[in-house]
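Some notes on the structure that comes next.
The values are calculated or read from the model by the stated rules, or taken from the named source; none is laboratory data. The shown structure was predicted, so the numbers you read here are calculated from the model rather than taken from an experiment. Because the Cβ atoms are built from the backbone with ideal geometry, glycine has one as well, and the counts that use them run over all protein chains shown. Ligands, DNA and RNA are stripped out before the accessible areas are found, and what is left, the full protein with its side chains, is counted by its heavy atoms. Shrake-Rupley method; radii C 1.70, N 1.55, O 1.52, S 1.80 Å.
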Amino acid sequence: MNIAVCIKQVPAKDAPLQIPEGGAWIRETDIGFETNEPDGYALEEALRLKEKHGGEVVAISMGPERVKQTIKEAMAKGADRGIHVVDDKFFQLDPLGSARSLAAAIQKEKFDLILTGLQSDDHGFGQTGVLLAELLGLPHATIIMQIEVQDGRMRLKRELEAGWFQWMEAPLPAVLSIQSGINKPRYATLKGIMAAKKKEIASIPRASLGVDATPTQKVERIYVPAKTKKTEILTGTAREAAAKLVEKLKHEARVL
Amino acid sequence: MPAFPGVDFIEFDSLLNDEEKLARQTARQFVDDEVLPIIEKHNREATMPTHLIPLMADLGFFGANLKGYGCAEMSNVAYGLVMQELERGDSGLRSFVSVQSALVMYPIYTFGSDAQKSKWLPLLQSGKAIGCFGLTEPQFGSNPGGMTTRAVKKGDRYILNGEKLWITNGTIADVSVVWAKTEDNDRVRGFLIERGTPGFKAYDIHGKWSLRASVTSGLSMTDCEIPAANLLPESGGLKSPLMCLNQARYGIGWGGLGAAMACYYTALQYAKTRTQFNNKPIASHQLVQDKLAWMITEITKGQLLALQVGRLKDAGRAEHYHVSMLKMNNVWVGLESARKARDILGANGIVDDYCIIRHMNNLESVYTYEGTHDIHKLIIGERITGIPAYA
């Protein structure tokens, strides 16, 4: 079973972000980058499917030279090889442009399954996986909690709202967007990191793919939300007020 | 606590390659996920988190810069960055890995016979066996050449007598690398003593207020008989154990930075949220900024020192006096950072809700072990003047 995993490199969590005056993107110097966390779950799922069913796992990432580190990390964890779609202005692409470019790179090969994370931790459009499936003419399912492969078909567990789940069937090949938290991604071991040095990364300039990636949408401006302070007095008996407080801590502050 | 973002003021990371950054990332995640949530409890209860040993073995931390026998064959810079992150967790944990890697695996790898290497290195690399290193004695610390432990050959056996003290991992070790004077003109040689050998006893040192999450022991040998094949055949003279210490000190030089980073990062977060005088964060006070600026400046200088010594080591050109400067400076930076951070945290700096007092207490040991701060000054002094000033 040959699996492609689309992995994005995003600014590191807690990186001190700076936005140039009137800018539509952050300043990329001074900050570290890391693997998009949701894509880490997709990679882990791919590695587990490979361990069960054989085949190979290919890590695909797009962006400037620095994304090679993300591909190497995937290979250190067990991906067999990497594909780097090189684009120094990757941040200017919209999800359709990204999906078209990835589709063009993926179409050069034959994969049984293509996995993505649910969304990226930077732009967070959550669109690339869906668009990719459409462009490749493949079936697609999102928010995947579990994958069982048998006789060329998949049983898939999806997460619905309010604690509900759904089992569905889908044929192969297909594109799946993996829900975060469904597995515990492995560490890259030091031996894995050294072994990855010998694995191949194919570099494909995005311009060479012949894809029209003119943005159909445009980010006008990004900005840090202005801080606001709101005080609310909870009324009622102590019991009622405590119940309201718990509700607020659960659903508004989300700390419980 | 959010994931540790690292300390990088001058684009230090641009000096590292991808493998080095990935190795650091693995160790960093391991420390955030597995060490920080449990370390204060172990420190308080003076227990070693032994459950982490198999995981550290799987990740390849033991003997990471050695070749073959299941070792990862990382560069010395990558190995150093791993040590940095481990000591950001706890000096005791880093000590465990230093001893296993630099003081047990390295001497077997460097001075051992093929049989010793193929027996012990895979076991030590995979964490199935634990080792310790017996050089220091109750009366001989900075002057190991004065050691009184002796090995006398009798047929195909050696008989060892003597005492070793301040031995990390002593009571949990399956194999001890013990250094003793021999009948060959008092030449110091290394010996492997296996757990359970008659005449060999290890006991724990209690009442430590430093490295509490690490095992520190004494070793006692009374007519302890071992096969002659347990002699490390290529060891000869005091130079051999000093070569081991040089390996370990190199890792400690990076480790001191890790402890410094933990203290700096904690103090920075604290200073930005703790308010005094007109509800202003204490980070707005000049005297607090002075301390934070001192810390990040010294950490940054320490990173460059560590990296350069690491690059020299990878090129086979690191001399013991280079390593002395690294160990001396960076452990001092760690200890001074812990003291300044303690000051910034006020009373909170002395309780184990925060990491500061644990790091400070730990670093008091690290400042002294593996060549005291002052002895390293004398090593540098001898290098630049040509005059040894040890006596």
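Side notes on the structure shown:
- A:K89 meets each of the listed conditions (1) within 30 Å of A:G23 (Cβ to Cβ); (2) among the charged types (D, E, K, R); (3) surrounded by fewer than 17 Cβ atoms within 10 Å (Cβ to Cβ); (4) modelled with pLDDT of 95 or more apart from (4).
- Helices (runs of 4 or more DSSP H) contained entirely in the stretch B:290-391, each with at least 1 residues that are over 19 Å from the mean Cα position of the chain (by Cα) and of a type in the set (K, R): B:320-345, B:373-385
- Any hit, the stretch A:38-49, residues being away from every other protein chain (no Cβ under 14 Å), surrounded by fewer than 18 Cβ atoms within 10 Å (Cβ to Cβ) and within 18 Å of A:L176 (Cβ to Cβ): yes
- Residue in the stretch A:145-156 that is open to solvent by 50 Å² or more (accessible area, probe 1.4 Å), over 23 Å from A:Q107 (Cα atoms), over 24 Å from the mean Cα position of the chain (by Cα) and modelled with pLDDT of 95 or more present: no
- Screening the stretch A:83-97 for residues that are under 16 Å from the mean Cα position of the chain (by Cα) and in a loop (DSSP other than H, G, I, E, B) and picking the one that is farthest from A:I201 (Cα to Cα) gives A:D94.
- Tally of residues being under 22 Å from A:I71 (Cβ atoms), within 14 Å of chain B (Cβ to nearest Cβ) and more than 18 Å from the chain's Cα centre (by Cα) across the stretch A:1-37: 4
- The one condition in (1) open to solvent by 60 Å² or more (accessible area, probe 1.4 Å); (2) under 21 Å from the mean Cα position of the chain (by Cα) that B:E11 fails to fulfil: (2)
- Within the stretch A:4-25, considering residues that are β-branched (V, I, T) and buried (at least 18 other Cβ atoms within 10 Å of the Cβ), the one modelled with the lowest pLDDT: A:V10
- Of all residues assigned to the stretch A:111-132, none qualifies as being buried (at least 21 other Cβ atoms within 10 Å of the Cβ), modelled with pLDDT of 95 or more, of a type in the set (F, W, Y) and closer than 20 Å to B:Q25 by Cβ.
- Residue check, A:L135 open to solvent by 30 Å² or more (accessible area, probe 1.4 Å), at pLDDT 95 or above and closer than 21 Å to A:V58 by Cα: yes
- The set of residues in the stretch B:137-162 being assigned to a loop (DSSP other than H, G, I, E, B), crowded, with 16+ Cβ neighbours inside 10 Å and touching a Ser or Thr at 6+ places or on another chain (Cβ under 9 Å) consists of B:G141, B:M147.
- Yes/no for B:A129 being touching a strand residue (DSSP E or B) at 6+ places or on another chain (Cβ under 7 Å), modelled with pLDDT of 95 or more and either within 14 Å of chain A (Cβ to nearest Cβ) or open to solvent by less than 10 Å² (accessible area, probe 1.4 Å) (or both): yes
- Inter-residue pairs, beta-carbon under 7 Å, first at negative phi and among the β-branched types (V, I, T) and in the stretch B:173-185, second at pLDDT below 95 and crowded, with 24+ Cβ neighbours inside 10 Å, 6+ apart: none
- Residue check for A:R100: more than 14 Å from every other protein chain (Cβ to nearest Cβ), over 15 Å from the mean Cα position of the chain (by Cα) and either without any contact (Cβ under 8 Å) to a residue 12 or more places away in the chain or surrounded by fewer than 17 Cβ atoms within 10 Å (Cβ to Cβ) (or both): no
- Of B:Y264, B:Y250, all but one fail to be under 17 Å from the mean Cα position of the chain (by Cα) and either of a type in the set (S, T, Y) or more than 24 Å from B:S142 (Cβ to Cβ) (or both); the exception is B:Y250.
- Some residue of the stretch A:63-82 being on the phi < 0 side of the Ramachandran plot, among the polar types (S, T, N, Q), assigned to a loop (DSSP other than H, G, I, E, B) and within 14 Å of another protein chain (Cβ to nearest Cβ): no
- Residues within the stretch B:75-97 that are of a type outside the set (V, I, T) and more than 16 Å from B:A306 (Cα to Cα), tallied: 8
- Taking the conditions (1) within 23 Å of A:M194 (Cβ to Cβ); (2) surrounded by 18 or more Cβ atoms within 10 Å (Cβ to Cβ); (3) more than 8 Å from chain A (Cβ to nearest Cβ); (4) of a type outside the set (A, V, I, L, M) in turn, B:F30 satisfies each one other than (3).
- Within the stretch B:56-67, considering residues that are farther than 11 Å from B:G127 by Cβ and either acidic (D, E) or touching a residue at least 24 places away in the same chain (Cβ under 8 Å) (or both), the one farthest from the other protein chains (Cβ to nearest Cβ): B:L66
- So B:E73, is it within 13 Å of another protein chain (Cβ to nearest Cβ), free of Cβ contacts under 8 Å to residues at least 40 places away in the same chain, at positive phi and in contact with an Asp or Glu (Cβ under 9 Å, 6 or more places away or on another chain): no
- Look at the stretch B:315-331: where a residue is free of Cβ contacts under 8 Å to residues at least 24 places away in the same chain and a partner is buried (at least 21 other Cβ atoms within 10 Å of the Cβ), sitting 6+ places away or on another chain with Cβ atoms under 7 Å, you get B:H322/B:V309.
- For first residues located in the stretch B:368-387 and under 18 Å from B:P241 (Cβ atoms), partners that are of a type in the set (G, A, S) and open to solvent by less than 30 Å² (accessible area, probe 1.4 Å) and lie 6+ apart or on another chain with Cβ distances below 6 Å form the pairs B:E370/B:A248; B:H376/B:S324; B:I379/B:S324.
- Qualifying residue in the stretch A:160-168 (condition: modelled with pLDDT of 95 or more, touching a strand residue (DSSP E or B) at 6+ places or on another chain (Cβ under 6 Å), under 30 Å from A:R221 (Cα atoms) and aliphatic (A, V, I, L, M)): no
- In the stretch A:212-256, the residues that are of a type in the set (A, V, I, L, M) and under 22 Å from the mean Cα position of the chain (by Cα): A:A213, A:V219, A:I222
- Filtered residues of the stretch B:204-233 (kept if under 27 Å from B:L93 (Cβ atoms), open to solvent by less than 50 Å² (accessible area, probe 1.4 Å) and part of a strand (DSSP E or B)): B:T216, B:S217, B:G218, B:L219, B:S220
- Exactly one residue out of B:I39, B:I53 is more than 22 Å from B:G256 (Cβ to Cβ) and more than 12 Å from chain A (Cβ to nearest Cβ), and it is B:I53.
- Hey, B:Y270 open to solvent by 10 Å² or more (accessible area, probe 1.4 Å) and either within 24 Å of B:Q139 (Cβ to Cβ) or of a type outside the set (D, E) (or both) or not: yes
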